[in-house]
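For reference, the structure discussed in these notes is given below.
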Amino acid sequence: MRRAVCPGSYDPPTNGHVDILERAAGLFDEVIVAVLINKSKQGLFSVEERMEMLHDVSAHLANVRVDSWHGLLVHYCQQNDVQAIVKGLRAISDFDYELQMAQMNKQLTGVETLFMPTKPENSFLSSSLVKEVATYGGDVAHLLPEAVHKRLVRRLGHAD
Ligand code: PNS
């Protein structure tokens, strides 16, 4: 059984995340999409809400399941028999930090990290920019799965 994890904050999940999930699901027997809990980052959505959204957006992928974790990603991988971490790379600016984490994780437990280039149309897309644009009334409907967009509009108190 080849098992991968796609870790992230997913606050909220975007079309970019879904693209990476779909492509990872085609390469591995099982993919876990895991919400990593960062106590120092105050999210717009609770971990439970993020997991619900991830359930919604991955419902069409039979070999994807949703989970959450508080702690080191490498320990999650050890405890869940995960052989690979899959990360989407948007641009060279992502690479520095991602490479550092990949090498640290490899050094800690030997777990591999695979980088997947995002589709060019998603290369500017991030959860934080989407939240900022939406907060000030910008249209982000085309950047998010419909169910996520609905929740975001509701959370920000904007008319749908
Ligand atoms: O969506 P994000 O915020 O870019 O995801 C980053 C995340 C959560 C995947 C990364 O910060 C992470 O792996 N956190 C778990 C804690 C950990 O293992 N830290 C050491 C990394 S070398």
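Quick one: would you say residue 46 is crowded, with 17+ Cβ neighbours inside 10 Å and under 16 Å from the mean Cα position of the chain (by Cα)?
On the way: crowded, with 17+ Cβ neighbours inside 10 Å: no; under 16 Å from the mean Cα position of the chain (by Cα): yes.
For residue 46, the condition - crowded, with 17+ Cβ neighbours inside 10 Å and under 16 Å from the mean Cα position of the chain (by Cα) - is not met.
Tell me which residues, restricted to the range 81-101, are surrounded by 10 or more Cβ atoms within 10 Å (Cβ to Cβ) and either in a loop (DSSP other than H, G, I, E, B) or in contact with a Gly (Cβ under 9 Å, 6 or more places away or on another chain) (or both).
Hits for the range 81-101 are 82, 83, 87, 88, 90, 91, 94.
So, residue 25, is that one farther than 30 Å from residue 157 by Cβ and surrounded by 14 or more Cβ atoms within 10 Å (Cβ to Cβ) or not? First the steps, then the outcome.
Values: farther than 30 Å from residue 157 by Cβ: yes; surrounded by 14 or more Cβ atoms within 10 Å (Cβ to Cβ): yes.
Yes, satisfied.
Please determine whether any residue of the range 13-29 is within 11 Å of the ligand (Cβ to nearest atom), in contact (Cβ under 8 Å) with a residue 24 or more places away in the chain and of a type in the set (Ser, Thr, Tyr).
Yes - at least one qualifying residue is present in the range 13-29.
Return the total of residues in the range 30-56 being near the ligand (Cβ under 10 Å from one of its atoms) and among the charged types (D, E, K, R).
Matching residues across the range 30-56 total 1.
Do you know which of the residues in the range 103-153 that are exposed (fewer than 11 other Cβ atoms within 10 Å of the Cβ) and of a type in the set (D, E, K, R) is nearest to residue 20 (Cα to Cα)?
146
Test of understanding: among 61, 54, which residue is out of contact with any Phe, Trp or Tyr (no Cβ under 7 Å at 6 or more places or on another chain) and surrounded by 15 or more Cβ atoms within 10 Å (Cβ to Cβ)?
61
Residue 68 passes all but one of (1) over 20 Å from residue 19 (Cβ atoms); (2) without any contact (Cβ under 8 Å) to a residue 40 or more places away in the chain; (3) away from the ligand (no atom under 13 Å from the Cβ); which number fails?
The single condition residue 68 does not satisfy is (3).
Determine if the range 76-97 includes at least one residue that is within 15 Å of the ligand (Cβ to nearest atom), free of Cβ contacts under 8 Å to residues at least 40 places away in the same chain and within 18 Å of residue 24 (Cβ to Cβ). Spell out the reasoning first.
So the first thing to find is which residues in the range 76-97 are within 15 Å of the ligand (Cβ to nearest atom), and the list is 76-80, 82, 84-91, 93-97.
Applying the additional criterion that residues be free of Cβ contacts under 8 Å to residues at least 40 places away in the same chain yields 78-79, 89, 91, 93-97.
Cutting the leftovers down to within 18 Å of residue 24 (Cβ to Cβ) gives us 89, 94.
Yes, because at least one residue in the range 76-97 is within 15 Å of the ligand (Cβ to nearest atom), free of Cβ contacts under 8 Å to residues at least 40 places away in the same chain and within 18 Å of residue 24 (Cβ to Cβ).
Readers should treat all values here as calculations from the given coordinates under stated rules, not as data from a laboratory. What you are looking at is a predicted structure, and each value in this text was computed from that prediction instead of being measured. So basically every Cβ, Gly included, is an ideal-geometry build from the backbone, and we count neighbours across all protein chains shown.
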